[in-house]
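First the structure, in the form of structure tokens, and then the observations on it.
The values are calculated or read from the model by the stated rules, or taken from the named source; none is laboratory data. From a predicted model like this one, the values you see are computed outputs, not experimental measurements. Here the Cβ positions follow ideal geometry from the backbone for every residue, glycine too, while neighbour counts run over all protein chains shown.
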Amino acid sequence: MAEINLHNITFGYNTEMVLNNITFSVAQGEFVVAVGPNGAGKSTLLKIMAGLIEPLAGHVLIDNQTVYTAARQGILGYVPQHYAQNTAAFPATVEEIVALGLVNYSSLLKKEKGARHIVRHMLELVGMDKLKDRRIGELSGGQQQRVMVARALAGNPQLLLLDEPTSGIDYAASAKIYELLGQLNSTLGITIVMVSHDIENATHFASKVACINRSLCFFGDSEQFHSSHATMRHLWYYSGFTG
């Protein structure tokens, strides 16, 4: 399990401010869903947490170390938005796609027998083991997303970051993804931070909700979010940077 601390995260492109002074902490084993309108900085914040971009100010610590140290140690797994659709044309099997998640493993675990065991176990976790020999492009959108989660899990992360994992897939498939993530969180204790526009369903499994609209508008438990914040205007409409 991993603990995350974000302190005064600020980010912008040229003169456009994207994130302003965001501070919150995610405890070990929590499931946090980040919600908010389009263009409000949610995906940017997730990329900062994954170490893909650097903030202009502030810092992120994962288990009291930098994001880059945590990434090198394989503590975090990241599933970007639309990643499954982007890999659909790859001439690779499900098993081969998941094996790509082993890049941070030691040379011992990279040996063929050990790697195959790990990959197949990850596919079992996400319910895709029976389709291991299928080409990734032959799967449905929901099945592809499950494979991407398995790929991220192959590195044995303590923290899983997901950007809109149900984008572009139907309601039934989305429900299965949420259920899967909830099980990974509750049974394996993996800390999860997920960006989602599917507020009603995503927050059902979350222990905490963060509302991002350039700044942090709300951070608290799901029950409090639904009782006091779910109808607030800044949850649905991009407000821009107000200084």
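Residues are listed down the side, and each one gets a yes or a no for (1) more than 19 Å from Met49 (Cβ to Cβ); (2) surrounded by 15 or more Cβ atoms within 10 Å (Cβ to Cβ):
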| residue | (1), (2) |
| --- | --- |
| Ile136 | yes, yes |
| Ser167 | no, yes |
| Ile177 | yes, yes |
| Leu184 | no, yes |
| Val195 | no, yes |
| Ser207 | no, yes |
| Thr231 | yes, no |
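Looking at region 6-27, which of its residues are touching a strand residue (DSSP E or B) at 6+ places or on another chain (Cβ under 6 Å) and surrounded by fewer than 15 Cβ atoms within 10 Å (Cβ to Cβ)?
Asn8, Asn21, Thr23, Ser25
For region 146-196, how many residues are outside the structural domain of Ile97 (by TED's automatic domain parsing) and basic (Lys, Arg)?
Number satisfying all stated conditions: 1.
Can you tell me which residue in region 33-69 is surrounded by the most Cβ atoms within 10 Å (Cβ to Cβ), limited to those that are small (Gly, Ala, Ser) and more than 15 Å from Ile192 (Cα to Cα)?
So, considering only residues that are small (Gly, Ala, Ser) and more than 15 Å from Ile192 (Cα to Cα), the one surrounded by the most Cβ atoms within 10 Å (Cβ to Cβ) is Gly36.
Please indicate, with yes or no, whether at least one residue in region 149-157 is polar (S, T, N, Q) and either over 18 Å from the mean Cα position of the chain (by Cα) or on the phi < 0 side of the Ramachandran plot (or both).
We begin by selecting, within region 149-157, every residue polar (S, T, N, Q); these are 156.
When the remaining residues are screened for being either over 18 Å from the mean Cα position of the chain (by Cα) or on the phi < 0 side of the Ramachandran plot (or both), the result is none.
Within region 149-157, not a single residue is polar (S, T, N, Q) and either over 18 Å from the mean Cα position of the chain (by Cα) or on the phi < 0 side of the Ramachandran plot (or both).
Based on this model, can you work out whether Ala152 counts as in contact with a Phe, Trp or Tyr (Cβ under 8 Å, 6 or more places away or on another chain) and more than 17 Å from Val32 (Cα to Cα)? Quick ask: steps written out before the conclusion?
Details: in contact with a Phe, Trp or Tyr (Cβ under 8 Å, 6 or more places away or on another chain): yes; more than 17 Å from Val32 (Cα to Cα): yes.
Yes: the conditions hold for Ala152.
If I ask for residues that are of a type in the set (Val, Ile, Thr) and part of a helix (DSSP H, G or I), which ones from region 118-134 would you list?
Initially, region 118-134 is screened for residues of a type in the set (Val, Ile, Thr), giving 118-119, 126.
Listed by number, the residues that qualify are Ile118, Val119.
Before we move on, is Gly137 over 21 Å from the mean Cα position of the chain (by Cα), modelled with pLDDT of 80 or more, small (Gly, Ala, Ser) and part of a helix (DSSP H, G or I)?
Against the criterion (over 21 Å from the mean Cα position of the chain (by Cα), modelled with pLDDT of 80 or more, small (Gly, Ala, Ser) and part of a helix (DSSP H, G or I)), Gly137 qualifies.
Looking only at region 144-174, how many residues end up being more than 22 Å from Leu76 (Cα to Cα) and touching a Gly at 6+ places or on another chain (Cβ under 9 Å)?
6
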